[in-house]
1. Which residue, 99, 60, 31, tops the fluctuation ranking in a GNM of the chain built on C-alpha contacts under 10 Å?
2. What residue among 94, 15, 43 shows peak mean-square fluctuation when the chain is described by a Gaussian network model with Cα springs under 10 Å?
3. Can you give the angle from 0 to 90° between the axis of helix 91-100 and the longest principal axis of the chain, with both taken from C-alpha atoms, to the nearest 10?
4. Taking only C-alpha pairs under 8 Å that are 6+ residues apart, what is the relative contact order of the range 3-71 in percent?
5. Output the direction-averaged projected area (hull surface divided by four) of the convex hull of the alpha-carbon atoms of the chain, in nm².
6. If I stretch the segment between residue 76 and residue 38 completely, what's the gain in nm (0.36 nm per residue apart, minus their alpha carbon distance), one decimal?
7. As a test of the formula, what do you get for the chain when each DSSP H run with n ≥ 4 contributes -39,500 (n - 2.57) and the sum is divided by the residue count, at 222 nm and rounded to the nearest 500 deg cm²/dmol?
8. Take the chain, connect every pair of alpha-carbon atoms lying under 10 Å apart with a spring to form a Gaussian network, then pick out the residue of 96, 32, 66 with the largest mean-square fluctuation.
């Protein structure tokens, strides 16, 4: 790996183990959720292989915080739910919410 790649992947193996532990899963169970073998899971956790984005996407479907694994920043699930609800709301509701929060609505041109 290049220096830039090393920096990008710093901490990913440890955070992957942290998420597996948080969910109370062994390597084999976690690997199955990600669609990989236990051997591949072990290699990911030892930084012997770079993680595959399809694998990470599979894990995210089971509650793994993929943003945390990649960046070290925890995703605020309540905030994500709020943003999703806001985005799905009719424009009149979005405008009212922004007004209630004292924020000016952003008008797209």
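1. 99
2. 94
3. 90 degrees
4. On the way: 55 pairs, mean separation 24.5, N = 69.
Reported as a whole number, the value is 36 percent.
5. Working: hull surface 38.6 nm².
The directionally averaged projection comes out at 9.6 nm².
6. Values: separation 38, 0.36 × 38 = 13.68 nm, distance 2.94 nm.
Full extension of this stretch gives 10.7 nm more.
7. Values: 8 runs with 70 residues, N = 109.
Rounded to the nearest 500, it is -18000 deg cm²/dmol.
8. Looking only at 96, 32, 66, the largest GNM fluctuation is found for 96.
Read-outs throughout are calculated quantities, based only on the coordinates presented, and are distinct from any laboratory measurement. None of the values given here were measured: they were computed from a predicted structure.
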